[in-house]
Amino acid sequence: RDGALYRVALDALNAVDAQPQKLDINVPQSTAPMSKEEEALRERQRSELKGITSFRLGTGKQLQEPLLFVACSTRYFVAKRDGSGVRDVIEELKESNPSVALDGAWMDVKNAPDDLLTFTFVRNNNLYVASLNAESPGGTVRAVTTVGDAVRSCAVADYIMQEEFSLFSGNWWAPATAAAASPQVLFTVTDVSQQREVSILDKNLDVERIPFPRVGDPNAVTSLVVATDCRPDASPEQTRFRMLPVATLRHWFPWVEYVPRLGWRNAETVYALALSRDQERSALFEVPVSAMIEVTENGFFADHAAAAKGVTGIRVLREQHVPWAWCEVTDDICVRRDGSIVVGAHDADTEEGKARGAFYQYYRLDTAAAESDAPKQAWKSYSLGRFGATFGSLSVADD
């Protein structure tokens, strides 16, 4: 709250006079100017928050007790549960890895699902993975990708994804399972080289040039990539890449223009939402990682048209076509551990929904139905009658 972190005892949550305790986390203050990446992200998130911007309480393979992983915008710290013993993540990794270029802003930090001290981040349009030592300062860090640049990025949501669809992340860890041989990370590769540059003035009246799609111009081209071994101590040769190129997306969905939502269906399968340019047509689909084409880094931005038709195994879970309005894009996509899915969408593509006023509803696809041959016909509505749910409000318990 207000850039500070608080805690309250579970048995006091329902007490009228319960008083949260403010944690005394002594995070060093930075005097460095804000990076362009951080400044742009704050503008798109409409955020002016100072101090602690997010946190995660968790354990890990090396940890004896839970720790806090705290973010202060683009600076990161690890502390004990009571706020003591603060460690500066970036400074420790820089000191212990002098041969790795680590200057610049670290964006989109994501902790591994089974280890708080292992995480991915994005630097200079490339994906990195790192791990802190549990008992001593320092750790290991390496670049997962190296081909990203100003117009071809790895693990970065482009301007339209951030500004219009509120997608601010470009990498996702696979769920941790006992059967998983090595950690996997799903990420996007995006090409904006076809877009025209737009000149704008920043707050210091300096001219900044950014790629931006004007009306009728091509949008960014986004493909999906899975890195199949994202251990921080793995060598570059051990990391393999599998890709779902934009050519495959256009083969299956000729109308696709955007991929505004994606993630993991389970440890072997990813899901994504394909959306048309006019936003009147969408499809929620899944594809096994094993069905994606094998590529090297140099193939991230290749055409892949010849291999597009060879990708099989894509299953469409849900489709929507609303020619008189648009398909709502929200974060209301929840994949549960048992394999069932809950999504939110306007009830706008059925006569019953139109009669009700096309309210926003939640729909469930049970585990057996999700694995069936006809998942599109098996969705069940949590009908609210003539009342609509608030979109973006979905929270589903895994148990």
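The values are calculated or read from the model by the stated rules, or taken from the named source; none is laboratory data. Fair warning: this is a prediction, and the values are worked out from it, not measured in the lab. For neighbour counting, all protein chains shown are included, and Cβ atoms are generated from backbone atoms with ideal geometry for every residue, glycine included. Heavy atoms of the whole protein, side chains included, go into the accessibility calculation; ligands, DNA and RNA do not. Shrake-Rupley method; radii C 1.70, N 1.55, O 1.52, S 1.80 Å.
To keep it simple, each residue is scored yes or no on (1) open to solvent by less than 60 Å² (accessible area, probe 1.4 Å); (2) assigned by the TED database to the domain that holds residue 171; (3) more than 30 Å from residue 133 (Cβ to Cβ).
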position: 212; (1), (2), (3): no, yes, yes
position: 231; (1), (2), (3): no, yes, no
position: 235; (1), (2), (3): yes, yes, no
position: 252; (1), (2), (3): no, yes, yes
position: 274; (1), (2), (3): yes, yes, yes
* Asked: under 24 Å from residue 73 (Cα atoms), of a type in the set (Phe, Trp, Tyr), part of a loop (DSSP other than H, G, I, E, B) and at pLDDT 90 or above: does that describe residue 168?
  -> yes
* Looking at the range 222-234, is at least one residue modelled with pLDDT under 95, over 20 Å from the mean Cα position of the chain (by Cα) and among the hydroxyl-bearing types (Ser, Thr, Tyr)? -> no
* Asked: Does residue 147 count as at pLDDT 85 or above, in a loop (DSSP other than H, G, I, E, B) and of a type in the set (Val, Ile, Thr)?
  -> yes
* With respect to residue 46, determine if the residue is assigned by the TED database to the domain that holds residue 124, open to solvent by less than 60 Å² (accessible area, probe 1.4 Å), modelled with pLDDT under 75 and out of contact with any helix residue (DSSP H, G or I) (no Cβ under 8 Å at 6 or more places or on another chain). => no
* Restrict the check to the range 190-199 and report whether at least one residue is charged (D, E, K, R), exposed (fewer than 13 other Cβ atoms within 10 Å of the Cβ) and out of contact with any helix residue (DSSP H, G or I) (no Cβ under 7 Å at 6 or more places or on another chain). => yes
* Structure fact -> Within the range 251-275, the residues that are free of Cβ contacts under 8 Å to residues at least 40 places away in the same chain and out of contact with any helix residue (DSSP H, G or I) (no Cβ under 8 Å at 6 or more places or on another chain) are 253, 254, 255, 257
* When you look at residue 145, is it open to solvent by less than 10 Å² (accessible area, probe 1.4 Å), touching an Asp or Glu at 6+ places or on another chain (Cβ under 8 Å) and of a type outside the set (Gly, Ala, Ser), yes or no? -> yes
* Say we look at the range 62-91 and pick out the residues that are within 12 Å of residue 109 (Cα to Cα) and not in a strand (DSSP E or B); which of these is least open to solvent (accessible area, probe 1.4 Å)? -> 89
* **Candidates 270, 246, filtered to the one that is touching a strand residue (DSSP E or B) at 6+ places or on another chain (Cβ under 7 Å), open to solvent by less than 60 Å² (accessible area, probe 1.4 Å) and at pLDDT below 95** => 246
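Condition check ((1) among the polar types (S, T, N, Q); (2) surrounded by fewer than 18 Cβ atoms within 10 Å (Cβ to Cβ)) across all residues:
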position	(1), (2)
295	no, no
298	yes, yes
326	no, yes
331	no, yes
340	yes, yes
348	no, no
359	no, yes
377	yes, yes
* Could you look through the range 99-138, keep only residues that are open to solvent by less than 40 Å² (accessible area, probe 1.4 Å) and among the small types (Gly, Ala, Ser), and pick out the one that is nearest to residue 42 (Cα to Cα)? => 105
* Asked: Looking at residue 135, is it touching a residue at least 60 places away in the same chain (Cβ under 8 Å) and among the charged types (D, E, K, R)?
  -> yes
